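Okay, so here's the structure we're looking at.
The values are calculated or read from the model by the stated rules, or taken from the named source; none is laboratory data. Remember, predicted model here, so these are calculated numbers, not experimental data. Note that we place each Cβ from the backbone using ideal geometry, even for glycine, and neighbour counts take in every protein chain shown. Ligands, DNA and RNA are stripped out before the accessible areas are found, and what is left, the full protein with its side chains, is counted by its heavy atoms. Shrake-Rupley method; radii C 1.70, N 1.55, O 1.52, S 1.80 Å.
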Amino acid sequence: MLQIKNLHASIDGKEILKGLTLDIPDGQVHAIMGPNGSGKSTLSYVIAGREGYEVTGGQILLDGQDIMEMAPEERAAAGLFLAFQYPVEIPGVAMTMFLKTAINSIRKQRGEGEIDALDFLKLLKKKQAELGMSDEMMKRAVNVGFSGGEKKRNEVLQMAMLEPRMAVLDETDSGLDIDALKVVADGVNRLRNEKRSFLVITHYQRLLDYIKPDVVHVMAAGKIVKTGGPELAAELEKTGYAGYAA
Amino acid sequence: MTTATVTKFPEKSPYQPDTAEGILRAYDAFVADIDDQPQWLVDLRKSSLKEFKRRGIPTPRIEGWKFTNLLPLVKGYGDKVGQIKVSHDKVDGVIIAPLMEMLDQDWVKAALSEDMPPLQHNTENTLWHLGNIYLRDGIVIDVPANKEIKKPLELLTSAADGAFFTDRMVIRVQKNARLTIVEDHWSKGTFWKNRLTHIVLEPGAKLTHIRMQDDSDKAVYTQTTNVHVGRDAVYDAVAFCTGAALSRNQVRVTLDDTGAQCHLNGANLLRGEQLGDTTILVEHRAPHCQSNQNIRTVLDGRAHGVFQGKVHVHQPAQKTDGYQLSRALILSEGAEMDTKPELEIYADDVKCSHGATTGQLDQEPLFYMQSRGIDAKSAKALLIQAFIAEVFENIKDEGLKTSLERKVEAWLKQ
Ligand SMILES: Nc1ncnc2c1ncn2[C@@H]1O[C@H](COP(=O)(O)OP(=O)(O)OP(=O)(O)O)[C@@H](O)[C@H]1O
Ligand SMILES: [Mg+2]
């Protein structure tokens, strides 16, 4: 699904990703854990195609296709999704309108017609109910006045609506209370299937108790420094990152 | 012993009288052609002619015009004063008549004769005098007391190519009456429209005044609106401007009595070489009055936006609530915004805020939207629509609001 080969990326002349390699096959959940500032969010932004990063080496392939030259919206249409560590507020743009525009933009890029207005509402209602989000929230502007936890749920709601094939979740668990964590994890688990892959960035094993990863990576100083099974997360919880200094 | 010689230079005048000549070439033919008029109007015309000859067309040497250079765009006009037609539909309960038929009404006379001191803060009144000189076209709109007119009064101006035009609207909403006026201007061609509007709101009256100005991008559109708001009356305005090579929207609102309110909302969407100027003066003359100025400007290409707004709180105007905010969005490097927000306060118990911001589209929301599949152009359009939408918030009529939102969408698609 997603292959990253020897990726080097810098921002404002400062190299953040220093030869990162990652291979996520179809249907798998990979987790990345790593100390603050090791470049996890940077990786997620570079995958999503955010401007301002200079990729100085390496490749990112989605289903074997190099996505480096693609605009963020083209990557979304190709099936990529990023749940932001810090979801962005968009005053004046209502949630419902935003979601509908997003779905229709993706459909248009794929050469499909617009979604039926009623089908859209039905789908939205269903996903809202699953994630415990009210109609009132859907009338508000995107993320405006949402609590930290609500913003994270909202990321998962958007993911559920857009049905990506490859989703990157950047600390979607941070700021969630225990119940919300479970709701969000269930939301992710419902989407798991043999075709869809996830890259879950987190600091805590607890999320991985709910979303069982196939593979766990440790990232430090812009590189993957260790890869293992779910047991690696438990080990890190005990030892911390002391042994992984770059 | 030394003697100092003090040479006193005459104070330098900001006026350029010679610039009056062009536009006055049409004057003799114009006055020869109009029928008998009351003496007060003849006198008004003459005194304005004198004033205008002394000052000429406003140039950037005048403080209130320092950002807007009108002269180069209008100096070609003058051989012809065209007839401007104001068309409107009939609305039951509203008196609408040609200006020339209403000159015997005292309130019309009072409105037309109101003295506007020169350089009255931002609203320099030379264009007012020019309107008096060529006063002829226009309409009077009068709503009798206690009438609530539900149906918006729609009107438009048509101006032919190649001339200078001036028209007058004299509007009165009597006690506790309500009216909505929707102006729609979209003339084609090259011309200069110099429009003057008087509005008198009696106690408890409410006027919702929407103006859409999408005249040709070769035209010059100058508008001066003088509003008097009486006790507990409300003036609610939305000026939506996408047109003209140069437009200047001068508004002077006087809150004359307790509880008067004005809400001045404006949206200017400009591109190419367009210049759009909003110049506002709000005079708080009585206690417990409220004023809001909320102006949004979007500039693309090499467009130039100007906002000059002043809240003047006179000494008796205690408990004034005055708010003013201009926000501009610059979409391209060549665009430019000039702002001059001002407060002048002589009362001690007031709540006033003012400010102006100029910025670019935030990159974060743009990327967020793109990451959801929305292409960059649509994402920008959504952000711009959201930026503008706030100035339509006061509009109760959903149909009107939608039509304005559509106009924003249409502008974005161009
Ligand atoms: N615009 C920028 N200019 C310079 N340095 C930057 C910029 N953006 C990020 N960085 C630096 O890049 C490094 C990696 O940041 P990143 O946000 O990717 O870390 P992270 O692993 O996601 O951390 P956390 O666990 O705290 O979320 C940090 O040292 C950060 O300060
Ligand atoms: Mg991070």
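Under a 1.4 angstrom probe, counting protein chains only, how are B:Asp184, B:Asp161, A:Asp135 ranked by accessible area, largest first?
Largest to smallest exposure gives the sequence B:Asp161, A:Asp135, B:Asp184.
If I take the Cα coordinates of the range B:256-414 and project them onto the principal axes, what are the three extents in Å, biggest first?
Each principal axis gives a Cα extent; for the range B:256-414 these are 56, 35, 27 Å.
Let me understand the range A:66-199 better: what is its radius of gyration from the alpha carbons, and its Dmax, in angstrom?
Calculated on Cα positions, Rg and Dmax stand at 14.3, 41 Å.
In vacuo Debye scattering of the protein assembly as shown, one point per C-alpha: log10 I(q)/I(0) at q = 0.05, 0.08, 0.10, 0.11 Å⁻¹?
Each listed q corresponds, in turn, to -0.34, -0.72, -0.93, -1.03.
I'd like the distance separating the alpha-carbon centroids of the range A:168-246 and the range B:257-297, in whole Å.
Cα centres, the range A:168-246 to the range B:257-297: 54 Å.
Give the B-A buried accessible area in Å², both sides summed, 1.4 Å probe, nearest 100.
Buried area (both sides, nearest 100 Å²): 1800 Å².
What is the extension gain from A:Ile178 to A:Asp63, computed as 0.36 nm multiplied by their sequence separation minus the C-alpha to C-alpha distance, in nm to one decimal?
Taking A:Ile178 through A:Asp63 to full extension adds about 37.9 nm, to one decimal.
How big is D for chain B, in µm² s⁻¹ as a whole number, if Stokes-Einstein is applied with the Kirkwood radius of its Cα pairs at 20 °C and 1.002 mPa s?
Answer, rounded: 97 µm²/s.
With θ taken as phi - 60° and the coefficients 6.51, -1.76 and 1.60, list the Karplus ³J(HN,Hα) couplings across the range B:193-201 in order, rounded to whole Hz; mark glycine and proline as x.
9, 10, 9, 10, 10, 10, 10, 10, 10
Residue by residue, what Karplus-based ³J(HN,Hα) values in Hz, rounded to whole numbers, does the range A:159-171 have, using 6.51, -1.76 and 1.60 with θ = phi - 60° and x for Gly and Pro?
4, 5, 6, 8, 6, x, 9, 9, 10, 10, 10, 9, 6
Could you pull the accessible area for B:His354 with a 1.4 Å probe, rounded to 10 Å²?
80
Rounded to the nearest Å, what's the spacing between the alpha carbon centres of the range A:75-109 and the range B:48-119? Just the number, please.
What the calculation gives is 50 Å, centre to centre.
Residues of the protein assembly as shown: accessible area per residue at 1.4 Å, in Å²?
Per residue, the protein assembly as shown has an accessible area of 42 Å².
Determine the principal axes of the Cα atoms in the range B:363-414, then give the extent along each, sorted from largest to smallest and rounded to whole angstroms.
Largest first, the range B:363-414 extends 36, 22, 14 Å along its Cα principal axes.
With the crude spin-label approximation of a point 7 Å out along Cα→Cβ, what separation in nm comes out for B:Asp349 versus B:Thr258?
Going by the 7 Å Cα→Cβ label model, 1.2 nm.
Distances longer than 15 Å among the Cα atoms of the range A:170-232: what percent of all pairs is that?
Details: 1036 of 1953 pairs.
Summing the P(r) tail past 15 Å for the range A:170-232 gives 53 percent.
What ³J(HN,Hα) values, in whole Hz, does the Karplus curve 6.51 cos²θ - 1.76 cosθ + 1.60 give for the range A:48-60 when θ = phi - 60°, with x put for Gly and Pro?
Per residue, the Karplus-derived 3J(HN,Hα) values read 7, x, 5, 5, x, 9, 9, 8, 9, x, x, 9, 10 Hz.
Along Cα→Cβ, 7 Å out, is where each label goes; now give me the distance between the ones at B:Glu390 and B:Ser403 in nm to one decimal.
Label at B:Glu390, label at B:Ser403, 2.6 nm between them.
Got the relative contact order for chain A handy, in percent, Cα pairs under 8 Å and 6 or more residues apart?
RCO, chain A: 29 percent.
Under 8 Å for C-alpha pairs, at least 6 residues apart: give me the relative contact order for the range A:76-218, rounded to a whole percent.
Relative contact order here is 32 percent.
Summarise the partner chain shielding of A:83-94 as one whole number: the mean count of Cβ atoms from other chains within 10 Å of each residue's Cβ.
5
With no solvent and one point per C-alpha, what does the Debye sum give as log10 I(q)/I(0) for the range B:146-237 at q = 0.17 Å⁻¹?
-0.73
Calculate how steeply helix A:95-109 sits against the longest principal axis of the alpha-carbon atoms of chain A, using the helix alpha-carbon long axis, and give the answer as 0 to 90 degrees to the nearest 10.
Relative to chain A, helix A:95-109 is tipped by roughly 70 degrees.
Over the residues of chain A, compute the C-alpha Rg and express it relative to 2.2 N^0.38 Å.
Ratio of Rg to 2.2 N^0.38 Å for chain A: 0.99.
Compute the relative contact order of the range B:17-360 as a whole-number percentage, counting only Cα pairs closer than 8 Å that sit 6 or more residues apart in sequence.
Relative contact order for the range B:17-360 comes out at 11 percent.
Taking 0.36 nm per intervening residue step and subtracting the Cα-Cα distance, what contour gain separates B:Lys85 from B:Asp18 on full extension?
Using 0.36 nm per residue and subtracting the Cα-Cα distance, I get 21.1 nm.
Between B:Ile171 and residues 5 or more places away or on another chain, which pairs have amide H atoms under 5 Å apart, with H built 1.01 Å from N, and which residues are they?
B:Ile141, B:His198, B:Ile199, B:Val200
If packing is taken as the average number of other Cβ atoms within 10 Å across a peptide's residues, how do A:87-93, B:29-35 rank, most packed first?
Peptide ranking by packing, descending: A:87-93, B:29-35.
Taking 0.36 nm per residue of separation and subtracting the Cα-Cα distance, what length does fully extending A:Asn6 through A:Arg110 add?
Roughly 34.4 nm would be gained on extension.
Set the bar at 19 Å for Cα to Cα. Now go through B:Lys12/B:Lys53; B:Lys53/B:Lys75; A:Lys5/A:Lys226; B:Lys147/B:Lys401; B:Lys90/B:Lys150; B:Lys380/B:Lys407 and name every pair that lies beyond it.
Cα-Cα > 19 Å for B:Lys147/B:Lys401; rest within.
Search the structure for amide H atoms under 5 Å from the amide H of B:Cys241, placed 1.01 Å from N in the peptide plane, and list their residues when 5 or more places away or on another chain.
Under 5 Å from the amide H of B:Cys241 lie the amide H atoms of B:Gln213, B:Ala267, B:Asn268, B:Leu269, each far enough along the sequence or on another chain.
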